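Q: The structure is given below, and queries will be raised subsequently.
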Amino acid sequence: MRRLLQLRQVTDSLHGVDDLSTAELQTSISESWWNKADESEVWQDWVYYSLAAAYALVAIAALVQLIRIQLRVPEYGWTTQKVFHFLNFLVSGVRAITFLFRHELQSLPEVFRSILLDLPGILFFSTYALLVLFWAEIYNQARNLPTDKFRPVFLTLNAAVYVIQILIWLIEIWKPSNTLETGSKLFFAGVFFVTAIAFLLHGGRLYFMLRRFPIESRGRQKKLREVGLVTSICFICFTIRSFMIAFSTIDKKADLDILDHPLLNVIYYVVVEIIPSALILFILRKLPPRRISPVYTTIN
């Protein structure tokens with residue numbers, strides 16, 4: 001009986017070793033496949049050309065929507081809606097160009113490469129900060145509260161972000177430093193995290209205000225769904241972006257915008273820019289109402 005128990009213990013131990021070896025083998029195979037894909041020029045070309053095509057489609061969608069709005073209400077100037085779609089077109093267009101010429105971009109000096117790769121990210125921040133501004137104005141107008149301070153604050157914050165980033169670029173040109181690069185990443189991680197919180201705050205306030213409207217209110221349900229979806233999408237994508245940028249300062253294997261990290265780049269940009277932009281352009285596809293002419297013809 002004792003020998004039988006000992007034999008069973010030995011057998012269980014061998015099974016445990018086999019299971020561990022299998023798990024380690026699977027992990028090793030996964031890491032090997034990931035590394036081979038990262039080092040493969042074929043994979044790099046396929047990933048970056050695919051990203052360029054995806055961004056080009058988003059840019060075209062934003063441009064078409066901008067043209068449709070202009071044709072619908074040509075008498076209005078650059079409204080918030082028009083600026084939002086133009087910035088979407090600009091961000092996605094620049095991204096498409098940078099990914100299309102990714103190998104050529106890699107041969108540029110590091111500072112100039114950082115400028116071309118970071119600039120669309122700042123424009124992306126400005127693009128979606130416009131939605132926060134728009135919702136804050138709507139909320140205060142509905143509650144008869146003043147809105148005159150929102151635009152100056154929005155412009156001041158955006159100007160501060162651009163000035164700080166330009167100063168970082170100038171210092172990097174003068175004296176490159178790993179510490180400065182880390183500080184730049186942490187600064188942008190903070191900017192994107194604050195933007196995520198702003199979406200949650202102002203989108204949430206507008207959402208709960210709409211919920212208090214009478215159920216039979218015209219367009220209530222559609223606007224409620226629109227605000228809820230856009231708030232959720234923007235909060236999630238900006239939070240993920242903030243976390244990934246901050247994490248890349250700790251773990252160099254998570255560095256973004258590196259030629260040898262095509263799989264990480266495709267996951268990152270699809271999750272934090274391409275899918276959110278495409279979804280929000282679809283959700284906000286409704287055109288503004290036509291302006292009714294004040295001239296009426298008498299019907300005899």
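The values are calculated or read from the model by the stated rules, or taken from the named source; none is laboratory data. Source: prediction; values computed, not measured. With ideal geometry, Cβ positions are generated from the backbone for all residues, glycine too; neighbour counts draw on all protein chains shown.
Q: How about the range 87-126: which of its residues are over 17 Å from the mean Cα position of the chain (by Cα) and not hydrophobic (A, V, I, L, M, F, W, C)?
A: Residues satisfying the conditions are R102, H103, E104, Q106, S107, P109, E110, R113, S114.
Q: When I115 is evaluated against the numbered criteria (1) closer than 24 Å to V266 by Cβ; (2) without any contact (Cβ under 8 Å) to a residue 24 or more places away in the chain; (3) among the β-branched types (V, I, T), which criterion, by number, is the only one it fails?
A: (2)
Matching residues to (1) modelled with pLDDT of 90 or more; (2) within 28 Å of S50 (Cβ to Cβ); (3) among the aromatic types (F, W, Y):
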site: I173; (1), (2), (3): no, no, no
site: L186; (1), (2), (3): no, no, no
site: F193; (1), (2), (3): yes, no, yes
site: L200; (1), (2), (3): yes, no, no
site: R212; (1), (2), (3): no, no, no
site: F235; (1), (2), (3): yes, yes, yes
site: H261; (1), (2), (3): no, yes, no
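Q: Quick test for you: out of Q141, Q165, pick the one residue that is in contact with an Asp or Glu (Cβ under 8 Å, 6 or more places away or on another chain) and more than 21 Å from I280 (Cβ to Cβ).
A: Matching residue, one of Q141, Q165: Q165.
Q: Kindly check whether there is at least one residue in the range 142-154 that is touching a residue at least 24 places away in the same chain (Cβ under 8 Å) and within 20 Å of the chain's Cα centre (by Cα).
A: Yes, some residue in the range 142-154 is touching a residue at least 24 places away in the same chain (Cβ under 8 Å) and within 20 Å of the chain's Cα centre (by Cα).
Q: So which of L206, L180, L201 is of a type outside the set (V, I, T), more than 15 Å from the chain's Cα centre (by Cα), closer than 28 Å to I267 by Cβ and assigned to a helix (DSSP H, G or I)?
A: Unique residue meeting the criteria: L180.
Q: Same structure, new question: Restricting to the range 54-111, count the residues that are touching a Phe, Trp or Tyr at 6+ places or on another chain (Cβ under 6 Å) and within 30 Å of L167 (Cα to Cα).
A: Total satisfying the criteria: 8.
Q: Only residues that are modelled with pLDDT of 80 or more, outside any helix (DSSP H, G or I) and in contact with a helix residue (DSSP H, G or I) (Cβ under 9 Å, 6 or more places away or on another chain): list them for the range 100-147, please.
A: F101, R143, L145, P146, T147
Q: Being assigned to a helix (DSSP H, G or I) and buried (at least 17 other Cβ atoms within 10 Å of the Cβ) narrows it down to one residue among V230, V194; which is it?
A: V230
Q: Tally up the residues in the range 118-141 that are over 30 Å from N265 (Cβ atoms) and in contact (Cβ under 8 Å) with a residue 60 or more places away in the chain, please.
A: Selection size over the range 118-141: 4.
Q: Separate question: If you scan the range 42-86, which residues turn out to be within 16 Å of the chain's Cα centre (by Cα), buried (at least 19 other Cβ atoms within 10 Å of the Cβ) and not β-branched (V, I, T)?
A: Of everything in the range 42-86, those that are within 16 Å of the chain's Cα centre (by Cα), buried (at least 19 other Cβ atoms within 10 Å of the Cβ) and not β-branched (V, I, T) turn out to be L51, A54, Y55, A59, A62, F84, H85.
Q: Select from the range 63-92 the residues that are among the charged types (D, E, K, R) and part of a helix (DSSP H, G or I) and write down the one among them that is nearest to I274 (Cα to Cα).
A: Top of the filtered list is K82.
Q: Given the structure, is F282 modelled with pLDDT of 85 or more, surrounded by 15 or more Cβ atoms within 10 Å (Cβ to Cβ), under 16 Å from the mean Cα position of the chain (by Cα) and not small (G, A, S)?
A: Considered against the rule, which asks whether it is modelled with pLDDT of 85 or more, surrounded by 15 or more Cβ atoms within 10 Å (Cβ to Cβ), under 16 Å from the mean Cα position of the chain (by Cα) and not small (G, A, S), F282 comes out as no.
Q: Another question, then. Does T127 meet the test of being surrounded by fewer than 17 Cβ atoms within 10 Å (Cβ to Cβ) and within 22 Å of C237 (Cα to Cα)?
A: Working: surrounded by fewer than 17 Cβ atoms within 10 Å (Cβ to Cβ): no; within 22 Å of C237 (Cα to Cα): yes.
No.
Q: Would you be able to say whether some residue in the range 155-174 is on the phi < 0 side of the Ramachandran plot, of a type in the set (S, T, N, Q), assigned to a helix (DSSP H, G or I) and surrounded by fewer than 11 Cβ atoms within 10 Å (Cβ to Cβ)? Steps first, please.
A: Pass one, the range 155-174, residues on the phi < 0 side of the Ramachandran plot: 155-174.
Right, trim to of a type in the set (S, T, N, Q) and you get 156, 158, 165.
Among the residues that remain, those that are also assigned to a helix (DSSP H, G or I) are: 156, 158, 165.
The next check asks that each one be surrounded by fewer than 11 Cβ atoms within 10 Å (Cβ to Cβ); those that pass are 156.
Scanning the range 155-174 turns up at least one residue that is on the phi < 0 side of the Ramachandran plot, of a type in the set (S, T, N, Q), assigned to a helix (DSSP H, G or I) and surrounded by fewer than 11 Cβ atoms within 10 Å (Cβ to Cβ).
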